[in-house]
Amino acid sequence: MLACFDQVRNRILSFSLEIEQQNPDAGEAKPGEQPIPEATVTNIFHNTIQGNNNVIAAAGRDAHVSAPHTQIDEAWPALQQRMTQLGVPPEDLESLEAALRLDGDPRTELGPATESWIGRLTSRVSSGTLALAQGVSVEMIVHELLKAFGLS
């Protein structure tokens with residue numbers, strides 16, 4: 001259940017950050033003013049809140065839908081196994097996978113939802129509420145994340 005709340009919070013955060021990228025002053029708009037075109041907001045909403053892989057098929061039983069294979073799909077099994085070895089608990093792995101998928105395939109850096117996940121992990125490790133495997137640091141976790149997507 002906590003993972004669900006994390007997903008909702010991460011999607012809302014990502015949506016807000018996307019809007020801010022479009023127009024940093026969007027939150028200060030006067031009533032009736034449209035600081036970002038409606039089509040742009042709709043596009044950001046659909047990609048961020050609903051996900052960028054929604055398909056609607058009107059062909060009924062004759063429809064054939066194929067989803068693209070993503071870098072995350074390819075990297076996740078090995079990354080999940082490595083994170084388990086480093087002591088990341090299963091519920092945190094679920095949150096990590098959700099954050100990665102929310103951000104989409106990393107191109108040059110990890111996305112905001114994944115960065116937020118790292119921040120929460122760091123906070124829990126620092127406060128002592130989460131213990132990773134002996135000798136494992138959050139920096140090692142980040143290194144493995146970057147390595148999995150060819151970013152290090």
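The values are calculated or read from the model by the stated rules, or taken from the named source; none is laboratory data. A quick note: this is a predicted structure, and the numbers were derived from the prediction, not measured. Heads up, the Cβs are rebuilt from the backbone with ideal geometry, glycines too, and the neighbour counts pull from every protein chain shown. What goes into the accessible areas is simple: the full protein's heavy atoms, side chains included, and nothing from ligands, DNA or RNA. Shrake-Rupley method; radii C 1.70, N 1.55, O 1.52, S 1.80 Å.
Which of the numbered conditions does PHE5 fail, given that it passes all the others? Conditions: (1) assigned to a helix (DSSP H, G or I); (2) at pLDDT 70 or above. Condition (2) is where PHE5 drops out.
Within the stretch 81-121, the set of residues being surrounded by 17 or more Cβ atoms within 10 Å (Cβ to Cβ), free of Cβ contacts under 8 Å to residues at least 40 places away in the same chain and polar (S, T, N, Q) comprises just one member, THR114. Residues in the stretch 119-152 that are within 30 Å of THR70 (Cα to Cα), touching a helix residue (DSSP H, G or I) at 6+ places or on another chain (Cβ under 9 Å), among the hydrophobic types (A, V, I, L, M, F, W, C) and assigned to a helix (DSSP H, G or I): LEU121, VAL138, ILE141, VAL142, LEU145, ALA148.
Considering only the stretch 63-77, state which residues are exposed (fewer than 12 other Cβ atoms within 10 Å of the Cβ) and at pLDDT 90 or above. Correct list: PRO77 only. Taken over the stretch 24-45, the criterion of being open to solvent by less than 70 Å² (accessible area, probe 1.4 Å), at pLDDT 80 or above and either closer than 27 Å to LEU100 by Cβ or assigned to a helix (DSSP H, G or I) (or both) is satisfied by ALA26, ILE36. With respect to (1) aliphatic (A, V, I, L, M); (2) outside any helix (DSSP H, G or I); (3) in contact with a Lys or Arg (Cβ under 9 Å, 6 or more places away or on another chain), the lone exception for ALA113 is condition (2). Can you find a residue that is in contact with an Asp or Glu (Cβ under 7 Å, 6 or more places away or on another chain), modelled with pLDDT under 90 and not β-branched (Val, Ile, Thr) anywhere in the stretch 46-58? For the stretch 46-58, residues in contact with an Asp or Glu (Cβ under 7 Å, 6 or more places away or on another chain), modelled with pLDDT under 90 and not β-branched (Val, Ile, Thr): absent.
Candidates GLN85, GLN80: the one that is at pLDDT 85 or above, under 16 Å from the mean Cα position of the chain (by Cα) and under 19 Å from HIS143 (Cβ atoms) is GLN80.
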